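*Asks:* First the structure, which I've put down as structure tokens, then a few questions once you've had a look.
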Amino acid sequence: MASRLAAMQSIEEQDGHGVMADPPIDLTIEGVQAAFRARGYVTDRSLATTIFLALQLGRPLLLEGEAGVGKTEVAKVLASTLGAPLIRLQCYEGLDVNTAVYEWNYPRQMLEIRLLEAQGAADRATAHDIFAPDFLIKRPLLQALEAGEGPPPVLLIDEIDRADEEFEAYLLEILSDFQVTVPEIGTIVAERPPRVVLTSNRTREVHDALKRRCLYHWIDYPTAQKEFEIVATRLPGVPQGLAHQVVAFVQQLRETDLTKVPGIAETLDWAAALMALGAEELTPALVDETLGALLKYQEDVRQVRGSAAQLVATGAAQPGPA
């Protein structure tokens, strides 16, 4: 592609700890794929295009998909690719502004009031004396907006679907204008907007107003060929035959009626467990002994144990990825 993303902000020669920072990066869609693969993340062109456009346009990126398909890992690898810090906000029910954005340092404010009283200046004190930036405790969202020197941080807002709708509405100002309003101080605007990645497992629908502010991509379970590439990339020591059998077995499980089918994360965990046992190929007995690394519900474990031999045999009979 002729269009290129110019060097991703000017990166300082050294970071604040005296460690050499990564050089400026010139990214294309192909460059995104290559950079991610070099860091162990196999991405198809559609996802690479969406990531490229999010960087090019300065837009937040909303990733949806089942748990364990690699949504969170996109933000981690993106931060590594850009040589930028990763700031993560893990969402949950009841998440509020005090936890996500800022809160006032009340003990320090009380000490300041006592100091003013000791100096006889309490009657001349104003709200500004104790509601000043020095008394503000910055939480992840404010940290991302007020990042210092170096490349803009990657802000990961993980599992936004777990947060309440009220908090989701609060995010609109941040995602639209990269600013946040603190009533006692005023509006704080990011000089250099962070790169924002939001993830959702779709336990509930994210509001349209938030989606409109983002570029959207659905990450599905991978094909057998892609999953084989992922296993080979992340676990280069796994025997090729075993990797083929693991992928074929997992692909078959995703076609069965399970409480929770395994994602890519479980595939990698299982392959790593089999490697730790020195396995060269799958056997029904080995499957039974290691299902805890692949399945997380007893009902699913019981169901698969009853058909492990047939699944192993079917997987072994399938041709390996080209």
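The values are calculated or read from the model by the stated rules, or taken from the named source; none is laboratory data. Quantities reported herein were computed from a predicted structural model and do not represent experimental measurements. All Cβ positions, even for glycine, are placed from backbone atoms using ideal geometry, and neighbour counts span all protein chains on display. The area values use the complete protein model at the heavy-atom level, side chains included, leaving out ligands, DNA and RNA. Shrake-Rupley method; radii C 1.70, N 1.55, O 1.52, S 1.80 Å.
*Asks:* So, in the stretch 273-296, how many residues would count as being on the phi > 0 side of the Ramachandran plot and either open to solvent by 60 Å² or more (accessible area, probe 1.4 Å) or in contact (Cβ under 8 Å) with a residue 24 or more places away in the chain (or both)?
*Replies:* Of all residues in the stretch 273-296, those on the phi > 0 side of the Ramachandran plot come to 278.
So of that shortlist, the ones also either open to solvent by 60 Å² or more (accessible area, probe 1.4 Å) or in contact (Cβ under 8 Å) with a residue 24 or more places away in the chain (or both) come out as none.
Count: 0.
*Asks:* Quickly run through the stretch 182-206 and pick out the residues that are assigned to a loop (DSSP other than H, G, I, E, B) and under 21 Å from the mean Cα position of the chain (by Cα).
*Replies:* Of the residues in the stretch 182-206, the ones assigned to a loop (DSSP other than H, G, I, E, B) are 183-185, 190-194, 201-206.
Within the stretch 182-206, ARG192, PRO193, PRO194, ASN201, ARG202, THR203, ARG204, GLU205, VAL206 qualify.
*Asks:* Hey, any hits in the stretch 32-50 for a residue that's under 20 Å from GLU159 (Cβ atoms), touching a residue at least 40 places away in the same chain (Cβ under 8 Å) and not aromatic (Phe, Trp, Tyr)?
*Replies:* The answer is yes; a qualifying residue exists.
*Asks:* Right, another one. Return yes or no: is THR283 among the β-branched types (Val, Ile, Thr) and closer than 26 Å to ALA75 by Cβ?
*Replies:* Details: among the β-branched types (Val, Ile, Thr): yes; closer than 26 Å to ALA75 by Cβ: no.
Considered against the rule, which asks whether it is among the β-branched types (Val, Ile, Thr) and closer than 26 Å to ALA75 by Cβ, THR283 comes out as no.
*Asks:* Turning to a different aspect of this structure: On the basis of being small (Gly, Ala, Ser), assigned to a helix (DSSP H, G or I), at negative phi and buried (at least 19 other Cβ atoms within 10 Å of the Cβ), does ALA209 make the cut? Give the steps one after another, and end with the answer.
*Replies:* Details: small (Gly, Ala, Ser): yes; assigned to a helix (DSSP H, G or I): yes; at negative phi: yes; buried (at least 19 other Cβ atoms within 10 Å of the Cβ): no.
In short, no.
*Asks:* Going through the stretch 51-65 one residue at a time, which ones are of a type outside the set (A, V, I, L, M, F, W, C) and either over 13 Å from the mean Cα position of the chain (by Cα) or not in a loop (DSSP other than H, G, I, E, B) (or both)? So that I can check it myself, show each step before the final result.
*Replies:* As a first pass, look at the stretch 51-65 and keep what is of a type outside the set (A, V, I, L, M, F, W, C): 56, 58-60, 64-65.
Hits for the stretch 51-65 are GLN56, GLY58, ARG59, GLU64.
*Asks:* Going by the structure shown, is PRO133 open to solvent by less than 10 Å² (accessible area, probe 1.4 Å), under 30 Å from ARG108 (Cα atoms) and out of contact with any Ser or Thr (no Cβ under 9 Å at 6 or more places or on another chain)? Reasoning before the result, please.
*Replies:* Working: open to solvent by less than 10 Å² (accessible area, probe 1.4 Å): no; under 30 Å from ARG108 (Cα atoms): yes; out of contact with any Ser or Thr (no Cβ under 9 Å at 6 or more places or on another chain): yes.
No: the conditions fail for PRO133.
*Asks:* A follow-up question, please. Sort out which residues of the stretch 110-137 are in a helix (DSSP H, G or I), over 21 Å from ILE188 (Cα atoms) and modelled with pLDDT of 70 or more, and write them in order of number. Walk me through it before giving the result.
*Replies:* At the first step, the residues of the stretch 110-137 found to be in a helix (DSSP H, G or I) are 110-118, 122-124, 127-130, 133-135.
Next cut, over 21 Å from ILE188 (Cα atoms) only: 110-118, 122-124.
Within the stretch 110-137, MET110, LEU111, GLU112, ILE113, ARG114, LEU115, LEU116, GLU117, ALA118 qualify.
*Asks:* Continuing with this model, one more query. Quickly run through the stretch 61-76 and pick out the residues that are under 22 Å from GLU149 (Cα atoms) and either crowded, with 23+ Cβ neighbours inside 10 Å or modelled with pLDDT under 95 (or both). Give the derivation first.
*Replies:* First, pick out the residues of the stretch 61-76 that are under 22 Å from GLU149 (Cα atoms): 75-76.
Of everything in the stretch 61-76, just one residue is under 22 Å from GLU149 (Cα atoms) and either crowded, with 23+ Cβ neighbours inside 10 Å or modelled with pLDDT under 95 (or both), namely ALA75.
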